[in-house]
Structure formats: C-alpha cells, structure tokens
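After the structure tokens below, expect a handful of questions from me.
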Amino acid sequence: MPDSVTGRPLLLGVLRIKELSILLVTIAAAGYFTATSDAFNSAENYQTIAQYVAPWAIIAAGQVMLLICGEIDLSAGFVFTLAPFTLTLFSVNGAPLWLALLGSVLLSTLIGVVNGLIRTVLNIPSFITTLGMAFLLQGLVLIISDARPVSAPSGNWLVEVFGGAAWSEFAWAVVIVALMQVVLSATRFGIHTQAAGGNPVGAAESGIPVNRVKIVNFAIISTLAGLAGILQGTRVGSYDPTNGGFTMMFFAVASAVIGGTALLGGSGTVVGAFLGALLLGIVFDGFNLTGVSANAFNVVLGAAILLAMVLNVSLLLLRKRLGSRELS
C-alpha cells in the first residue's frame, strides 16, 4: 500500500510531461529505421531529415499558439509561398537585400494582422477567414511570379544566414521553437493565450484582451510562415510558386496535433509540435530509404493524427482520474 501511494505521484508526474508520448514514438521510429536501413544513420541523411522538419516545425510553432487560443490559420502555407516572391519583387526594384528581406517579413506579418482583424472585428470564423485569404494569396503568387520559379539571391552573407548554409534552416527552427516555447510557458502573453482558448469568456471578464491576443498570434504565425518560405527557397536556390500551399499548412497542423496540441484550444506545447514534425520527417525519410511507396505516407499520417487525438484524450482522462484520487 505505501508503495502504491508513493508511486502514484510519480506516475502522475510522468503523465504530466505532455511531450513524453510523442518523444517515445519518435525514438521508436528512429530505432526501427536504423535497424531496417544502413543509410539512415549518416550525416547526409540527418541533413535530409532536417530539411523536411525545419519548415514544418517553424510554421507549427506559430500554429500551436493560434490553436491554443482557439483559432486556426489555413493561409499560412500560402504566406510561405508568397514571401520569397515579395522579397524578389523588392530586390529587383532596387532595395538592398536586407531591406527586401525585412519588407517581405513585415508584409507577412501584415497579412496575419489582417486575418486577425477580420476574425475579431467582424467575428468571421478563422476557418473561413483564412481559407479565403489562402486562395487570395495563391492568386497573388501566380500573378507576381507569372507561374514560374525564379532564382534565389546568392553571393551575400545574408543568404548564408537565411537558408544558404547547410544547417541554417534547421538552426532557425530550433531557435524559434525554443523561443516560442518560452513565450508560451513563461510569459504573461503565453498565459493569456492559453486562457483565451481554454475559457474565452472567463478570460475576457478577468481583463485579458482576448481579441488582441488572437490578433498577435495571427501575426506571429504569418511572420513565421513567411520566414520559413524564404529560408527554404534560399536553401534550394529557387523560389517556386507551387511550393508550400495547403500541403505545407496541413503538415504544420499535423505536427502540432501529433505533438499534443488540442484542436479545440486551451492546451498545447511547441516542443511537442517540433517532435511531431521530427516524427513525420523520420517516417517520410525512412519510407524513401526502405523503398516503401510515398503514397503509404498519407496513410501513416492520417493514422498518426487519429492515434494522437485518441492518446491525448486518454492521457487527459487518466491525469484527471489520478489527480482526483491524489486529492481524495
């Protein structure tokens, strides 16, 4: 009896680590592909996985914040696509590279602010607001680019920092994930974000500016999506109007959900989303190495999302049950 009483708080403490389940699954996936493919554990392959993971993780870091406060952004993938072309547009019109980069990122931020204002001022659901914005941005990209890829800038130290160097894109992802996790868990804004999604009426009554919090989070995800688009396009060496889009956005959402973020708002973790992106990157890369059809990846992705939702709900119920027993 004393052992069970002592063990229960320990078990509850372990279960409260939101990232534990996705971390274990990620380790298991890496172990499986290590055993089935000799090429998995190589520097070149690690870099390939990092290239998959980086844009998903960067956008997911912003998507987590938005999902936690009860909203979603379907246009992030097209901000990802648009930002490199606005950078090119500023650059060919005489702006130095640093100014073109800054202008492109600020324009991405502005798109997020517009999404947030439409959502909060006009009270139009974010699903509809950002879906409309997604198609608008897709059309703008095709008009600006004439539906053709363009070469990315080269020969500048900024190029190396913003995607040109081998690991710079992944380094940006790690720094952004760490920063956003600190913002979420250790700042007043993070607490307000969780309150806005968990109990918006109570949050508003307690003086939290719920609408302002949502607008800022819309701006954050658009900023990160634009930055991610520039980083990836610069790494590849060209900006492609068919890159990003809904596929990029859904991978970011999938990373967040698999990592433990609740679609209905109120809870989530940026580190968990990073692990979710890492898991998807490992599975996608592992399938390629072992010769499994790429079509099967969507089956695994769908099953992983469903399993993550079931597991998150089950763990939540178990935490509540153990917590109530602890109190009694």
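Is at least one residue of region 47-59 more than 12 Å from ALA225 (Cβ to Cβ) and assigned to a loop (DSSP other than H, G, I, E, B)?
Within region 47-59 (the criterion being more than 12 Å from ALA225 (Cβ to Cβ) and assigned to a loop (DSSP other than H, G, I, E, B)), the answer is no, since none of the residues qualifies.
For region 205-215, enumerate the residues that are open to solvent by 60 Å² or more (accessible area, probe 1.4 Å) and either part of a helix (DSSP H, G or I) or in contact (Cβ under 8 Å) with a residue 12 or more places away in the chain (or both).
GLU205, ASN211, ARG212
How about region 72-119: which of its residues are touching a Phe, Trp or Tyr at 6+ places or on another chain (Cβ under 9 Å), surrounded by fewer than 24 Cβ atoms within 10 Å (Cβ to Cβ) and of a type in the set (Gly, Ala, Ser)?
Within region 72-119, ALA100, GLY103 meet the criteria.
Return the total of residues in region 183-214 being within 21 Å of the chain's Cα centre (by Cα) and over 14 Å from ARG119 (Cβ atoms).
13
Of everything in region 242-255, what is more than 12 Å from the chain's Cα centre (by Cα) and either at pLDDT 95 or above or of a type in the set (A, V, I, L, M, F, W, C) (or both)? Give them in sequence order. Walk me through it before giving the result.
Looking only at region 242-255, we keep the residues that are more than 12 Å from the chain's Cα centre (by Cα), and these are 242-247.
Scanning region 242-255 gives a single hit, PHE246.
Now a separate question. Can you name the condition, by its number, that GLY132 falls short on among (1) at pLDDT 95 or above; (2) crowded, with 23+ Cβ neighbours inside 10 Å?
(2)
Suppose the filter is among the hydrophobic types (A, V, I, L, M, F, W, C) and either touching a strand residue (DSSP E or B) at 6+ places or on another chain (Cβ under 7 Å) or farther than 21 Å from GLY265 by Cα (or both); does LEU136 pass it? Quick ask: steps written out before the conclusion?
On the way: among the hydrophobic types (A, V, I, L, M, F, W, C): yes; either touching a strand residue (DSSP E or B) at 6+ places or on another chain (Cβ under 7 Å) or farther than 21 Å from GLY265 by Cα (or both): yes.
Criteria met by LEU136.
Anything in region 143-162 that is modelled with pLDDT of 90 or more, open to solvent by 80 Å² or more (accessible area, probe 1.4 Å) and under 9 Å from THR234 (Cα atoms)? List them, or say none.
Correct list: SER151, GLU160.
How do the pairs read when you match residues in region 20-48 that are of a type in the set (Lys, Arg) with residues anywhere that are modelled with pLDDT of 90 or more and not in a loop (DSSP other than H, G, I, E, B), using Cβ under 6 Å and keeping only pairs 6 or more apart or on different chains?
Sorted first by the residue in region 20-48, then by its partner, the list stays empty.
Has region 176-196 got any residue that is crowded, with 21+ Cβ neighbours inside 10 Å and part of a loop (DSSP other than H, G, I, E, B)?
Within region 176-196, not a single residue is crowded, with 21+ Cβ neighbours inside 10 Å and part of a loop (DSSP other than H, G, I, E, B).
Which residues, counting only those in region 1-44, are open to solvent by less than 70 Å² (accessible area, probe 1.4 Å), modelled with pLDDT under 65 and more than 21 Å from VAL270 (Cα to Cα)?
Those that are open to solvent by less than 70 Å² (accessible area, probe 1.4 Å), modelled with pLDDT under 65 and more than 21 Å from VAL270 (Cα to Cα): SER4, GLY7, PRO9, LEU12.
A further question on this structure: Within region 52-86, how many residues turn out to be at pLDDT below 95 and over 21 Å from SER126 (Cα atoms)?
So the answer is 1.
The values are calculated or read from the model by the stated rules, or taken from the named source; none is laboratory data. Keep in mind it's a predicted model, so treat the numbers as computed, not measured. Cβ atoms come from the backbone with ideal geometry, glycine included; neighbour counts cover every protein chain shown. All accessible areas refer to the heavy atoms of the entire protein, side chains included, with ligands and DNA or RNA removed. Shrake-Rupley method; radii C 1.70, N 1.55, O 1.52, S 1.80 Å.
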